[in-house]
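J.: First, the structure itself, so that you have it in front of you.
The values are calculated or read from the model by the stated rules, or taken from the named source; none is laboratory data. No experiment lies behind these values; they were computed from the predicted model shown. Cβ atoms come from the backbone with ideal geometry, glycine included; neighbour counts cover every protein chain shown. Each accessible area value is taken on the protein alone, full model and side chains, heavy atoms only, with ligands, DNA and RNA left out. Shrake-Rupley method; radii C 1.70, N 1.55, O 1.52, S 1.80 Å.
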Amino acid sequence: MSHYVVKFCIGGDVITATEFIQDPGSITSSGGVYRMGFFSPNGSANRYVGIWYNDVPTYNFLWVANRENPIFDSSGVVTISDDGNLVVMNGKRELVWSSNVPNNSVNNAKAQLLDSGNLVLKQSSNSSAKDPDTLWESFQHMTDSFLATMKLITSSRTNQQALTSWRSASDPSIGRFSASLGTQNIPELFILNGGSLYWRSGPWNGNIFIGVPKMQSVYIDGYSLLDDHEGTVYLTYSFAEASHLSYLLLKSNGNLVQPYFNQSSSSWGLSGHLGCLRGFEPKNFEEWSRGNWSSGCIRKSLLQCNGTTNAYAFDSGVGCMHWRGDLIDLQKFSDGGTTLYVRLAHSELDEKRHLREIIATTVIIGTLIVIITIWFARRKAKKRVKESKAKHLSGGEAR
């Protein structure tokens, strides 16, 4: 995990037109779980407004407001504008970022950082109202992090939500990779590199995505994929213990990982390099030797018979699955997962197994030859004994 430069001062959990954040100030959610303020990414002097875990020594920024438009000094301000929007401005009072809620001309709007990590912009037409209307929320404008209770939504009626990677560890602007929920046949998570498919989670079997390890972690209370049967499907999850600090992160290199924090901060990856399967070899050995596996693997031997199915698998929650095209995102699990059966050329089958069969056949044939030889030898010996006895008897009668 990267380390970042963060400056802040302790404040409440609300931003209004009169209670604003001036760099290096910040606000903290009521339970002290999350903090929002100004930060500079690793190796950069640019200033951004973001949300991160409070009281954690290694800062991991979960949401960034002005990711495409940094401030170049420490003069930034986060406040509520005259039209009721949450805005970030530089020292010249120039607009850097806005929640951009249309037709919002409410004087008593406020933004609040919740203990879920969600930043919400609210209004209350009646100051006595207990539940002010939510005008905007950061959970519906996610960046590269998917937090517990967030909803990753795909809808035929509205725009599809997606996680978008940082350009690099020092640049939070939108990078090459995006992750979204696809529902063409059976729901799957997809990662795209630009417009090209980069990774898939495997189908949803009712409980988990079968191609994602660790989804049944003891820390996670459960993943839910809900369909309103009107064109909207969303994925969400929660932790068994609310105090568990963890989230899904789409890294700038396209890997989807799940960092977690405890006494020793660590992370585990949900995608990675597997290597070529048996019967396959690198398409480009020079790239492979440099750790570049993008060209993939090709068959060592051509198939003798043509066919459309290259591999198949079975999952009780999904049923039979088969692949006709390239296998682009295989993973090897230490436990769990689904067994994939890959079609191979006959010449690439297990040579040791054939060797065992050859040895076994040779031994059997050799044994039979020995038995038959011994049988014939004993039969011949018995015949000689009989002939010897017959000669002896005939000789005695002659005397």
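J.: Rounded to the nearest 0.05, what FRET efficiency do residue 322 and residue 367 give with R0 = 51 Å and r taken as the Cβ-Cβ distance? Could you check?
T.: On the way: r = 44 Å, r/R0 = 0.86.
After rounding, the FRET efficiency stands at 0.70.
J.: Let me ask something else. Within the set of other residues whose C-beta is less than 12 Å from the C-beta of residue 87, count the net charge using Lys and Arg as +1 and Asp and Glu as -1.
T.: Values: positive: 93; negative: 82, 83, 94.
Net charge around residue 87: -2.
J.: Would you work out what percent of the accessible area of the stretch 18-96, with all protein chains in place, is carbon or sulfur (probe 1.4 Å)?
T.: On the way: 1460 of 3080 Å².
Roughly 47 percent, rounded to a whole number.
J.: If you don't mind, another one. For residue 304 and residue 243, what is the calculated FRET efficiency with R₀ set at 45 Å and r taken between the beta-carbons, to the nearest 0.05?
T.: Numbers: r = 59 Å, r/R0 = 1.31.
Once rounded, the FRET efficiency stands at 0.15.
J.: Using a 1.4 angstrom probe with every protein chain in place, what is the largest-first accessible-area order of 305, 276?
T.: Details: 305 85, 276 45 Å².
The ranking, largest first, comes out as 305, 276.
J.: Hey, another quick one. Could you state the accessible area per residue of the stretch 23-103 in Å², with a 1.4 Å probe and every protein chain left in place? Walk me through the numbers before you get to the answer.
T.: Values: 3160 Å² over 81 residues.
Accessible area per residue: 39 Å².
J.: How many nm is it between the label spots at residue 101 and residue 82, if each spot is 7 Å from the Cα in line with the beta carbon?
T.: Simple spin-label model gives 1.9 nm for this pair.
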